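The values are calculated or read from the model by the stated rules, or taken from the named source; none is laboratory data. Keep in mind that this is a model prediction, so the values were computed, not measured. Positions of Cβ are generated from backbone atoms using ideal geometry, with glycine treated the same way; all protein chains shown enter the neighbour counts. Just so you know, the surface numbers come from the protein's heavy atoms only, side chains and all, with ligands and any DNA or RNA stripped out. Shrake-Rupley method; radii C 1.70, N 1.55, O 1.52, S 1.80 Å.
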Amino acid sequence: MGFINIEKQYLKERKPVERVNDWNEYKIPLAESEAKDQAARCMDCGIPYCQIGTTINRGTTGCPIHNLIPEWNDLVYHGLWKEAYDRLAKTNNFPEFTSKACPAPCEGSCTAGLVNDPVSIKSIERAIIDRAFEEGWVVPKPPKRRTGKKVAVIGSGPAGLASADQLNKIGHEVTVFERSDRPGGLLMYGIPSMKIEKDVVDRRIRLLEEEGIIFKTSVDVGNTISVQSLKDEFDAVILCTGAGKHREVTIEGRELKGISPAMKYLIASNRNQLYGEALESDYDAKGKRVIVIGGGDTGEDCVATAIRQGCKSVVQFGKHGKLPAQRTEKNPWPEHPNVFSVDYAYEEAEEVLGKDPREYYVETEKFIGNTDGHVTELITGSFKKEQSDESAKKNWKADLVLIAIGFQGAEDSVFDDFEVTRDPSGRVIEADTYSYQTSQEGVFAAGDARRGASLIVWAIEEGRKAAAAVDLYLDKKLSLLHQ
Ligand SMILES: Cc1cc2nc3c(=O)[nH]c(=O)nc-3n(C[C@H](O)[C@H](O)[C@H](O)COP(=O)(O)OP(=O)(O)OC[C@H]3O[C@@H](n4cnc5c(N)ncnc54)[C@H](O)[C@@H]3O)c2cc1C
Ligand code: SF4
């Protein structure tokens, strides 16, 4: 009953005016005693909705990997940190990623949240995994025996890493092929280091390598290496290539200089920090008036990046209206609460540039450029039906425009090369959440490539489940050989 007497504590954050001067993480973990107090707020419910992990009304409800939350809360409360880590590691391959960047659907469905603030589940998860690394409990554990079966995982984001980890643990020989020069998928080259620092990703890759997983980077499957050679060499293949097909705007002036897809901008920024690679003008916001088209999380990361690069101003256009302050009747518990919040980038914009950058219902209609062919202005209207007349038209000055209106699923080429059947929207229909197998025998799909752009925690869940499906497939194949 601690939730009655103890207030929820949110993770402290570094001051926005300070943190925008570097690229380090902006959150400050809980101290041990604070984590214990927060764990005491858990009611150890008979039916813990926090761990159900399902989809209601197209939103995630509860933890998709079914973390054993009340169990580790109780262990933390009793100071049994090693036991808490063991319980956490049972369901989550990479708590160091989720505890930093997960939107915590577990907290949205916490029962305490019905009458009070929910338990600080994500912060407690963070305290457990930080402690486990500090104490040296996270060590490589290579499998004791090998099965002789070989699996190729294509793509090294959280889905690929989770499936590789699961299959390697039970003794299969796993090779991960990655097109980029460094493993990690969006953890490495998409999500800014303010949310997940890159040495945290490198640390996990090293552990996986020490456990026996082989990483082959700068290998573009279908180009650098043929699909046939993979089929010949491996007993099964899992496609974890992400949902990298960028959604574009098709309006007048799109060809102008100074207009870029958000992902190219974020990748260039990550590479600039990692390797000191010079920023091309279209990826450098210094001194510029920046407009981000798209009101989602990728757009938010662009706002935070532009502020750190020293932009003059930043505005973010959203298609939808401002969210309500409280849950509405249409969004009851245990659904994830769709409520207004001021996340890290918006807090920074308010404090550093004096204004929340979000503008609602904005529809970009036209880009205007100068005689050099560079964007200078945008003309917008309104997505709101009742404001679709001329009075809603507005002009915005801009030197840099970033397009962050989402993704259209997996890139086609590798799925075409494997001759995998998809539906008109690009989804791999046959690979359901039981078999994960595509229309091609022995070829599986998981993560954003299968379900569309989603979350780290769903990618881990998909990687784990696909690994179980592959193991079953290999086992059956083995049995058939012995008949
Ligand atoms: C800017 C941004 C911020 C985000 N922030 C968050 C967040 O805060 N919290 C959260 O939970 N989620 C966040 N997400 C979503 C999350 O990153 C993804 O859902 C997750 O990374 C998907 O994992 P994945 O393994 O399926 O694919 P990815 O992480 O996309 O990895 C796919 C990998 O496959 C490789 N690949 C593709 N084709 C080939 C090929 N032919 N050969 C070899 N390799 C190939 C790619 O190079 C890539 O490395 C964010 C996404 C973006 C874009
Ligand atoms: S992985 Fe995400 S949903 Fe699951 S317990 Fe951690 S923060 Fe909550």
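Out of all DSSP beta bridges with both ends in the chain, state the antiparallel percent to the nearest 5. Write out the running numbers ahead of the final one.
Details: 18 of 50 bridges.
Around 35 percent antiparallel, to the nearest 5.
Taking amide H positions as modeled 1.01 Å from N, with prolines and chain starts lacking one, the residues under 5 Å from Thr438 and 5 or more places away or on another chain are Val443, Phe444, Ala445. Think of the stretch 259-403 as a dipole: +1 on every Lys or Arg Cβ, -1 on every Asp or Glu Cβ, centred on the Cα centre; then among Ile379, Tyr265, Pro324, Ile379 lies furthest on the positive end. Among 18-28, 56-66, 289-299, the peptide with the highest mean count of other Cβ atoms within 10 Å heads the list, and the full ranking is 289-299, 56-66, 18-28. Does the stretch 2-135 come out rounded, prolate or oblate, given a ≥ b ≥ c as the square roots of the eigenvalues of its C-alpha gyration tensor, rounded meaning a/c under 1.5 and, failing that, prolate meaning a/b above b/c? Since a/c stays below 1.5, the shape of the stretch 2-135 is classed as rounded. Taking the charge dipole of the chain about its Cα centre, with +1 at Lys and Arg Cβ atoms and -1 at Asp and Glu Cβ atoms, the residue from Thr111, Phe97, Phe133 reaching farthest to the positive side is Thr111. 3J(HN,Hα) couplings calculated from phi for the stretch 174-191 with the Karplus curve 6.51 cos²θ - 1.76 cosθ + 1.60 (θ = phi - 60°) are, in sequence order, 10, 10, 9, 9, 10, 5, 6, 7, 8, x, x, x, 5, 5, 8, 10, x, 6 Hz; Gly and Pro show x. Backbone geometry of the stretch 24-31 corresponds, through the Karplus equation with coefficients 6.51, -1.76 and 1.60 at θ = phi - 60°, to 3J(HN,Hα) couplings of 7, 4, 9, 9, 10, x, 6, 6 Hz, x marking Gly and Pro. Local charge for His172 was computed over the other residues whose Cβ lies under 13 Å away, with Lys and Arg +1 and Asp and Glu -1, and equals 0.
Between Glu209 and Arg58, the distance separating the two model label sites (each 7 Å from Cα on the Cα→Cβ line) works out to 4.2 nm.
Seen from Lys149, the other residues with C-beta closer than 14 Å to its C-beta sum to a net charge of +1, counting Lys and Arg as +1 and Asp and Glu as -1.
Name the shape class, rounded, prolate or oblate, that the alpha-carbon gyration tensor gives for the stretch 259-403, where a ≥ b ≥ c are the square roots of its eigenvalues, rounded holds for a/c under 1.5, and otherwise prolate holds if a/b is larger than b/c and oblate otherwise. Write down the numbers at each step before the final one.
Numbers: a/c = 2.23, a/b = 1.27, b/c = 1.76.
Oblate shape, in that a/c is at least 1.5 and b/c is the bigger or equal ratio.
Once you sort the root eigenvalues of the Cα gyration tensor of the chain as a ≥ b ≥ c, which label holds: rounded (a/c under 1.5), prolate (a/b larger than b/c) or oblate (the other case)? It comes out oblate by the Cα gyration axes. For Leu472 and Lys144, a Förster radius of 22 Å and the Cβ-Cβ distance give a FRET efficiency of 0.55, rounded to the nearest 0.05.
For the chain, which whole percent of the accessible surface, found with a 1.4 angstrom probe, sits on carbon and sulfur atoms? Intermediate results must be reported in sequence, preceding the final value.
On the way: 10850 of 22170 Å².
Here carbon and sulfur together make up 49 percent of the probe-accessible area.
With charges set only on the Cβ (+1 for Lys and Arg, -1 for Asp and Glu), what does the dipole of the stretch 386-483 come to about its Cα centre, in debye to the nearest 20?
280
Just subtract the alpha-carbon distance of Cys45 and Lys245 from 0.36 nm times their residue separation and send over the number in nm, one decimal. Present the calculation step by step, with values, prior to reporting the outcome.
On the way: separation 200, 0.36 × 200 = 72.00 nm, distance 4.16 nm.
Stretched out fully, the Cys45 to Lys245 stretch lengthens by 67.8 nm.
Full extension of the chain segment joining Asp417 with Glu390 gains 4.9 nm, where the gain is 0.36 nm per residue of separation less the Cα-Cα distance. Among beta bridges identified by DSSP and lying wholly in the stretch 259-403, the antiparallel ones come to about 45 percent.
With +1 on the Cβ of every Lys and Arg and -1 on the Cβ of every Asp and Glu, and nothing else charged, how large is the dipole of the chain about its Cα centre, in debye rounded to the nearest 20?
Numbers: 63 positive and 75 negative charges, 47 e Å.
Computed about the Cα centre, the dipole is about 220 debye.
Placing dummy labels 7 Å off each Cα toward the beta-carbon, the span from Tyr275 to His320 is 3.7 nm. Dividing the mean sequence gap of close Cα pairs (under 8 Å, 6+ apart) by how many residues the chain holds gives a relative contact order of 17 percent. If the segment from Glu83 to Lys330 were pulled out straight at 0.36 nm per residue, it would be longer than the present Cα-Cα gap by 85.0 nm.
With contacts taken as Cα pairs under 8 Å at a separation of at least 6 residues, the stretch 2-135 carries a relative contact order of 29 percent.
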